[in-house]
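Working notes for the structure below.
The values are calculated or read from the model by the stated rules, or taken from the named source; none is laboratory data. These numbers come from a predicted model, not from an experiment. A quick note on method: Cβ atoms are made from the backbone with ideal geometry, for glycine too, and the neighbour counts reach across all protein chains shown. Just so you know, the surface numbers come from the protein's heavy atoms only, side chains and all, with ligands and any DNA or RNA stripped out. Shrake-Rupley method; radii C 1.70, N 1.55, O 1.52, S 1.80 Å.
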Amino acid sequence: MTSDDEPRELRTSFPVTGGYALVLDLDLSSGERTLGLRVPASSEPVQLAHVLPGEPCPAALRWWELDLCGRVIAWGDPTLPHPGLVVALLSPFAPATAEDDVPEIAAMREAAYRSLRRDVPPAAPSGPEQAPLPLFTGDDWWPVPPVPSPQVLDEASIAELTRPERAVHDVRSNKRFPAEELADLVRRAAALLRAVPEQQWYTDTRPLARHILDSGDLRPVPELLGALTEAGCDHPTVLDALSEPLVPAEACWMVETLAGAEPGTLLRHRL
């Protein structure tokens, strides 16, 4: 493949609910990023924010809005657990404000970036087991093992990415900002999560979820998982969030949802 064949733009779309989606466009040649909101019956997203490389992302979303959307996206798509890819990609557009709980945001961002981390496999042994004849000592015979991918996040990278940015430029006051459409998305997403505890098997297990929420102790989570399974719950997002190996931030949002609690309640309790 030549450089002319390589894509210059990358679009990632995250459907939320009711025909709304958050859309991130990346210009691979310039590094520019654009966050958009796709509304029902529209093929192209309305711009929420645009940022040039090296510049801080504008505050297009409030943290609680991104957290809410991340939960709803994960509810509808088990391949996108929360916090995970959605938070990792979009949290720069939701910098902390004076009203936000910074430790809570940092914990969620750390969990999101850690979910993307992949262990680098050890390099395969290279070279002969004993000294070869001079004719066979060249690189063609014993190539150097490939260098581990720089895309793998190390501890220093995670620490830097986890640090919440402070809002410096709020684009929401711009008259072209789709405030009404975003507010409608938020209302629909909140209503979806509020309805969860009233559904079938979640009703009977709600007292146990409330107990975990009130105590701040995640040790009964396996009991909650067992109760849900016995009740017939087969929702992959629910089961994965409560299964081992347990990711505390992921388990917290699920317990909050099943308990009908305000997002962040359990996480703040544990912090």
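I'd like the residue in segment 55-87 that is open to solvent by 10 Å² or more (accessible area, probe 1.4 Å) and aliphatic (A, V, I, L, M) and, out of all such residues, is nearest to the chain's Cα centre (by Cα). My answer is L85. One residue alone among L266, L246, L239, L258 is modelled with pLDDT under 95 and in a helix (DSSP H, G or I), and that residue is L266.
Name the one entry in A209, A195 that is aliphatic (A, V, I, L, M), outside any loop (DSSP other than H, G, I, E, B) and free of Cβ contacts under 8 Å to residues at least 12 places away in the same chain. Don't jump to the end; show me each part of the working.
Details: A209 fails: free of Cβ contacts under 8 Å to residues at least 12 places away in the same chain.
A195 is the lone residue from the list that is aliphatic (A, V, I, L, M), outside any loop (DSSP other than H, G, I, E, B) and free of Cβ contacts under 8 Å to residues at least 12 places away in the same chain.
When segment 205-229 is examined, which residues are found to be open to solvent by 70 Å² or more (accessible area, probe 1.4 Å) and in contact with a Pro (Cβ under 8 Å, 6 or more places away or on another chain)? The answer is R206, H211. Of the residues making up segment 257-270, those that are surrounded by fewer than 22 Cβ atoms within 10 Å (Cβ to Cβ) and within 13 Å of S215 (Cα to Cα) are T265, R268, H269, R270. P7 fulfils the conditions (1) surrounded by 13 or more Cβ atoms within 10 Å (Cβ to Cβ); (2) assigned to a loop (DSSP other than H, G, I, E, B) except for a single criterion, (1).
Residue-by-condition table, conditions (1) among the charged types (D, E, K, R); (2) within 20 Å of D77 (Cβ to Cβ):
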{"residue": "R194", "(1), (2)": "yes, yes"}
{"residue": "G216", "(1), (2)": "no, no"}
{"residue": "L228", "(1), (2)": "no, yes"}
{"residue": "H235", "(1), (2)": "no, yes"}
{"residue": "V247", "(1), (2)": "no, yes"}
{"residue": "C252", "(1), (2)": "no, yes"}
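Within segment 231-248, the set of residues being free of Cβ contacts under 8 Å to residues at least 40 places away in the same chain and of a type in the set (A, V, I, L, M) comprises A231, V238, L239, L242, L246. The set of residues in segment 19-54 being at pLDDT below 95, in a loop (DSSP other than H, G, I, E, B) and either of a type in the set (A, V, I, L, M) or open to solvent by less than 40 Å² (accessible area, probe 1.4 Å) (or both) consists of L28, G31, A41, L52. In this structure, is A74 among the small types (G, A, S) and touching a strand residue (DSSP E or B) at 6+ places or on another chain (Cβ under 7 Å)? It is false that A74 is among the small types (G, A, S) and touching a strand residue (DSSP E or B) at 6+ places or on another chain (Cβ under 7 Å).
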